[in-house]
Structures are given as structure tokens and as C-alpha cells.
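A short write-up of the structure that comes next.
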There are 2 protein chains.
Amino acid sequence: MLVLSHQAFLHPPKPSSLPRIKPRASMSRSRSPSPVLDFPYLPPPHRDLMLSLLSTVHSRLASHLLPSSVPSDVLSFHNDASTSFGALDIRSGAHDSPVDFILESWLHCKLPTGALNITTLFGFLNASTEAPHLLMEFIQGSPTSLVLFMDLLPRKDLVLHPEYLAEFYQDTQLEKLRQELNNLPYVQPYCSSSLYIRSVLSPTAVAVNINCGADGESSMEEVMGAQLSSVAKEVLQIWLDKCACSSHQMEESKRNVLIQRDNLIKTKTVEIDLSANLPRMFGPNVAEKIVGTIQKTFRI
Amino acid sequence: MLVLSHQAFLHPPKPSSLPRIKPRASMSRSRSPSPVLDFPYLPPPHRDLMLSLLSTVHSRLASHLLPSSVPSDVLSFHNDASTSFGALDIRSGAHDSPVDFILESWLHCKLPTGALNITTLFGFLNASTEAPHLLMEFIQGSPTSLVLFMDLLPRKDLVLHPEYLAEFYQDTQLEKLRQELNNLPYVQPYCSSSLYIRSVLSPTAVAVNINCGADGESSMEEVMGAQLSSVAKEVLQIWLDKCACSSHQMEESKRNVLIQRDNLIKTKTVEIDLSANLPRMFGPNVAEKIVGTIQKTFRI
């Protein structure tokens with residue numbers, strides 16, 4: 001949802017040519033547990049991975065997070081033609097937490113070529129710390145192919161701050177994890193089409209396309225269930241230990257640049273990705289509500 | 001020479017096991033033309049490309065550049081065992097030019113596995129402008145394989161300055177050129193092992209490994225003579241038009257951060273690349289002279 005950015009995935013389907021699908025009962029109005037945790041359309045290994053990641057975040061950050069205040073028509077939504085479905089939940093950080101918010105979402109879109117499933121976990125920290133944000137996004141274009149972004153997003157210019165690069169990227173061995181995934185069969189480096197999104201990513205960002213082609217679903221299940229799952233869990237663990245739960249304090253005087261930079265990341269992400277793509281998937285009215293809720297959380 | 005950084009290329013050869021090669025006469029003491037322009041060991045298509053690039057730089061920037069003041073034992077050098085040779089020339093910019101210096105070099109190293117040839121063109125601008133620097137480095141590990149870095153190095157944090165990204169990277173269509181090379185057969189993305197070097201590069205940096213494998217030298221000659229040559233010349237042209245010869249002026253008040261950032265790029269580059277690798281190729285005494293000359297030019 002956040003780094004998808006005008007890729008080749010989104011060709012708006014002609015509603016008349018597609019079967020209408022009713023949203024599952026669990027997606028409609030139950031607010032407990034959050035509809036985001038349903039993942040009703042995801043292939044099982046993708047679903048298992050997301051459930052595991054979100055469960056880790058929720059249990060580890062329980063005391064940091066306020067209850068969700070996302071309105072029900074954003075917690076779960078679909079387009080008029082009932083060909084695209086989605087769920088979005090946002091939990092803001094408590095007053096004394098370094099967590100600004102945790103955003104979780106899934107989108108499911110029936111396309112003429114098959115189903116597109118996008119899951120996102122985004123952990124944004126506030127200006128009490130300069131530690132990196134977390135971004136995880138899995139864009140599954142078919143049961144055998146997946147584009148994946150996983151990164152600790154730097155909050156400072158790494159060229160000007162080599163000590164920050166050393167602390168959060170070198171010493172944490174994130175490069176080893178990146179290489180572990182990049183060296184697997186079926187895995188190719190993937191470049192976002194947006195130069196801004198590329199600039200936002202760190203030098204150890206996982207940005208890959210996993211395409212199992214003719215080897216099919218069982219190979220994708222293996223990769224997701226084994227290496228991808230293991231690397232994603234390790235990256236999340238590093239972020240939780242080193243960033244979200246660290247006592248690393250930010251000097252008051254340096255907060256302005258950090259806030260300005262964070263705001264730019266938020267504004268540009270909404271502009272490049274959400275405002276460009278959500279209306280095509282969900283129509284202007286639903287998209288406006290979703291973007292509005294995110295902008296309110298982002299304070300932009 | 002500048003982004004080679006502890007890659008797998010450099011295994012110091014055992015001098016006793018290698019034939020001793022005498023430096024060619026033209027490399028010894030003639031200072032006109034510069035020994036850098038000899039390229040005595042380069043495969044012809046690599047040599048043709050370098051000669052063409054340097055000739056463009058020299059004719060276009062003639063009025064910007066002061067005569068070389070590089071001492072003769074740095075203009076051309078070799079190790080005690082005469083298994084590694086190199087040439088380095090640096091031309092500082094004239095008083096009223098935005099050019100800080102132009103660095104040109106080639107290194108040739110006989111290794112047990114074959115010959116390693118590294119050619120570098122580095123165009124550094126001063127703080128009268130904020131326009132990007134130029135980096136071109138070709139690391140040819142064999143007649144059929146080449147690692148290549150080509151970039152306009154950003155001088156500002158692109159996340160904080162999207163207008164800079166738009167001006168120098170989006171509007172110049174550098175991405176089109178990057179993709180043109182990356183989509184060729186034999187071409188794979190290449191990652192520097194240094195996270196700092198990766199951070200220094202722009203999102204449109206060409207960083208690739210061209211490996212023609214069994215298709216051999218003729219394929220490499222074709223790629224170098226056609227697409228690679230054409231893209232390299234276009235990138236250079238963009239830099240000359242848009243950066244080195246532009247009248248883009250920098251506000252006096254903003255120069256301090258720019259200078260601090262430039263100095264970090266220079267310091268870290270010398271530390272990561274030159275100080276780590278040159279002693280292994282040329283021995284400590286020769287390496288010290290070369291690094292000393294570069295540090296003097298870099299004012300670090």
C-alpha cells in the first residue's frame with residue numbers, strides 16, 4: 001500500500017467483465033478482532049507470515065499502543081463493484097512511547113489476470129527518537145510471484161551521518177539478511193519505479209521480486225514458509241529491539257529537521273502511492289476516506 | 001579506484017610467481033600528454049571509451065582547468081615487483097569555475113587469475129554550486145567481465161529535497177539511461193560491498209556487472225562499443241551541461257552543510273577504498289604517495 005507506486009500491477013478491471021464477489025461476513029462490522037487480521041483472500045503461507053508478524057508487534061508493543069480509532073468504513077472497505085476489498089487499521093502510540101503509529105493493511109483486487117494481494121506493516125516512530133521506521137510490504141501478483149519491500153527507513157541523511165549508518169545498518173547485520181534473501185533461487189532485485197521511494201530506502205533494504213514461474217505454488221510456499229518468513233521475523237525483531245523499544249533519545253534541538261524529513265516521507269508516499277492508486281482500485285469516494293484517515297494519522 | 005572498495009577482485013599476487021613486466025616507455029617521464037591518456041593495458045573497446053570520455057571532458061572544460069600539478073611519481077607509478085601499474089592525473093578548477101577538480105586514473109594489476117584493469121573519471125564540483133558530482137568507474141576483471149559504476153552523485157539529502165531529485169535526476173531522464181543498460185543481456189545489478197558507498201549513490205546510479213561468460217570477448221566488445229559507450233557519453237553530457245557548466249548558484253548561507261557533506265564523501269571514499277586497497281596493489285610507500293596527493297587535492 002505504501003511503496004506499490006504506479007507499477008504494472010494496476011490495470012483497472014472492467015467491473016462488468018468480472019464476477020461480483022460478496023465480502024465475507026467477517027469483514028463487515030465486527031470490530032474485535034480488527035478486520036485486518038482476517039486476511040480472507042491471502043494464500044496460506046502469506047497469511048501465516050502476516051499473522052505471525054502482527055502478533056509479534058501486538059504482543060511486544062501492547063503497552064505502547066492506544067486503541068484503534070479508525071472508522072468502521074475504513075477498517076474494512078470495498079469498491080462499488082465488489083471486485084476490490086481492503087482493510088486498514090492504525091494504532092497510535094501512547095503519550096510516552098517512541099511509537100508514532102503502527103499501520104496495518106491488506107488489499108485484495110480481482111484483476112483480469114488474476115488476484116492481486118497487498119499486505120503492509122508500517123511502524124512509524126515519533127521525534128523522541130531518531131531510530132528508523134519499519135516498512136514491510138508484500139505485493140503478491142499471483143500465487144507464484146511476489147514483490148517484497150522490507151526495510152528500516154533511515155531518518156537521517158546517511159552520507160552526512162555515517163555513525164547512524166553504522167549503528168542501525170552495519171552493526172545490526174541487516175546486510176546479511178538482505179543477501180540471504182537476494183541469493184535465493186527465484187529471487188531478483190526489484191526497483192521501485194519511483195525515484196523518491198528508492199531514495200527513502202536504506203542501503204540494506206530488501207527490494208526483490210520472487211517469481212517461481214513454472215515451478216509453481218509449492219516453490220513459492222517453500223520460499224515464503226522458510227527463508228522469507230525467517231528473514232522477515234528477524235528484521236522485525238531488530239526493529240523492535242533496536243528502534244521501537246530502545247531508550248535512544250533525540251536532542252530537542254535536532255528534532256525540527258527530523259520532523260520535516262518525516263513529514264516529507266509521509267506526504268510524498270501518500271502522493272506517489274495512495275492518491276495515485278487507491279482511486280483506481282476503490283473509486284474516488286472510498287479512496288478519499290482511506291487517504292483522509294491516513295493523512296489525519298500522518299498529521300499532513 | 002574510488003568505488004572498488006574491498007571487493008573480491010583484489011587478492012594480492014605473489015610477486016615471485018608472476019612474470020615481471022617493464023613499464024612501457026611512454027609511462028615513464030613524459031609529462032605531455034599525461035600518462036593517464038596512455039591506457040597501455042586496456043582492451044581496445046575500454047580504451048576507446050575512456051579516450052573519448054576524457055577528450056570530451058578536456059575540450060569542454062578546457063577553460064575551467066588549471067595545469068596538472070601532480071608529481072611525476074604519482075602521474076605514473078608501479079609496485080616494486082612491476083606487476084601493478086597505474087597513472088593518476090588531477091586538474092584543479094580555475095578560480096571562477098564551479099569545478100573543484102577532475103580526477104582521472106587507470107590501474108593495471110596482474111593477478112594469478114588474469115589482469116585487472118580499473119579506470120576512473122571523477123568530476124568534483126566546489127561549493128559555488130550544489131549540482132551533483134560525476135563518478136565513472138570501470139573495473140574490468142577479465143576481457144569478458146566488467147563491473148561499472150556511473151552516477152551523478154547527489155550533494156543533498158534527496159528525501160529532504162525532492163526538488164533537487166526532480167531537477168537533476170527526474171527531469172534529466174537518467175533513469176531511462178540506467179534502464180537501457182540494465183535491460184541488456186549479460187548485465188546484472190551490482191551492489192558495492194560498502195553500505196556507505198551505496199548511500200552515496202543516487203537512485204539512478206548505474207551499478208552493474210557485465211559478464212559475457214562463454215560468449216566471450218566479442219560480445220563484451222559489442223556491448224562496450226555500442227550501448228555502454230553511448231550511455232556513458234550521454235551521462236557525461238548531462239553532467240557537463242547541467243552541472244559542471246551550469247550557472248546554478250548556491251546560497252552562501254547553505255554552503256557549510258554542503259562542504260561538510262562533500263568532505264565526508266571524500267574522507268570516507270579514501271578510507272573505504274584507497275587506503276584499504278592501494279597498499280595491497282602497490283606496497284605501502286607508493287600507496288602513501290598516491291593517497292597523499294589525493295588527500296591534498298581533496299583538502300582532507
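Quick notes
- B:97, A:230, ranked by accessible area, largest first (probe 1.4 Å): A:230, B:97
- Under-5 Å amide H pairs with residue A:153, H placed in peptide plane, nonlocal only: A:133, A:134, A:135
- Alpha carbon Rg of the stretch A:110-217, scaled by the compact-globule rule 2.2 N^0.38 Å: 1.19
- Interface burial in the stretch B:191-226, defined as at least 50 Å² less accessible area with all protein chains than with the chain alone at a 1.4 Å probe, covers B:195, B:196, B:198, B:199, B:203.
- Residues of the stretch A:162-262: accessible area per residue with a 1.4 Å probe, Å²: 45
- Peptide-level mean, for B:149-160, of C-beta atoms on other protein chains within 10 Å: 4
- Of the solvent-accessible surface of the stretch A:154-300, computed with a 1.4 Å probe and all protein chains present, 48% belongs to carbon and sulfur.
- Kyte-Doolittle mean at least -0.5, axial Cα span of 18 Å or more - DSSP H helices of chain B: B:44-60, B:275-298
- Evaluated at q = 0.15 Å⁻¹, the base-10 log of the normalised Debye intensity for the stretch B:6-298, with identical point scatterers placed on the Cα atoms, takes the values -1.25.
- Three semi-axes describe the equivalent ellipsoid of the protein assembly as shown; taken as square roots of 5 times the Cα gyration tensor eigenvalues and ordered largest first, they are 48, 26, 22 Å.
- Chain A, relative contact order in percent, only Cα pairs under 8 angstrom and at least six apart counted: 21
- Placed amide H near residue B:76: partners under 5 Å, 5+ positions off or other chain: B:88
- Here the Gaussian network model covers chain B, with springs between Cα atoms less than 10 Å apart; of B:215, B:100, B:262, B:215 fluctuates the most.
- Estimated D of the stretch B:160-208 in µm² per second, where Rh is the Kirkwood radius over Cα pairs and Stokes-Einstein applies at 10 °C, 1.306 mPa s: 133
- Positive-end extreme of charge dipole, chain A - chosen from A:122, A:154, A:287 (charges on Cβ): A:287
- Quarter of Cα convex hull surface for the stretch B:30-185, i.e. mean projection, nm²: 11.3
- Near residue B:187: Cβ cut-off under 14 Å, other residues only, Lys/Arg at +1 and Asp/Glu at -1. The net charge is -2.
- Mean residue ellipticity (222 nm) of chain A, computed from DSSP H runs ≥ 4 via -39,500 (n - 2.57), nearest 500: -10000 deg cm²/dmol
- Ranking A:112, A:40, A:182 by Cα position along the charge dipole of the stretch A:6-298, where only Lys, Arg, Asp and Glu carry charges on their C-beta atoms, puts A:112 farthest toward the positive end.
- Only Cα pairs under 8 Å and 6+ residues apart enter the sum, and on that basis the relative contact order of the stretch B:186-243 stands at 29 percent.
- For the chain pair B and A, the interface hides roughly 2200 square angstrom of accessible area in total, found with a 1.4 Å probe.
- Basic side chains Lys and Arg get +1 at the Cβ, acidic Asp and Glu get -1 at the Cβ, and with that the dipole of the protein assembly as shown about its Cα centre reaches some 160 debye.
- Residue of B:141, B:114, B:93 that the Gaussian network model of chain B assigns the largest fluctuation, springs spanning Cα pairs under 10 Å: B:114
- Overall Cα dimensions of the stretch A:168-300, principal axis frame, Å, largest first: 48, 43, 25
The values are calculated or read from the model by the stated rules, or taken from the named source; none is laboratory data. Everything numeric in this text was worked out from a predicted model, so none of it was measured. Please note: Cβ atoms are built from the backbone with ideal geometry, for glycine as well, and neighbour counts cover all protein chains shown. In case anyone asks, the SASA skips ligands and DNA or RNA and just uses the protein heavy atoms, side chains included. Shrake-Rupley method; radii C 1.70, N 1.55, O 1.52, S 1.80 Å.
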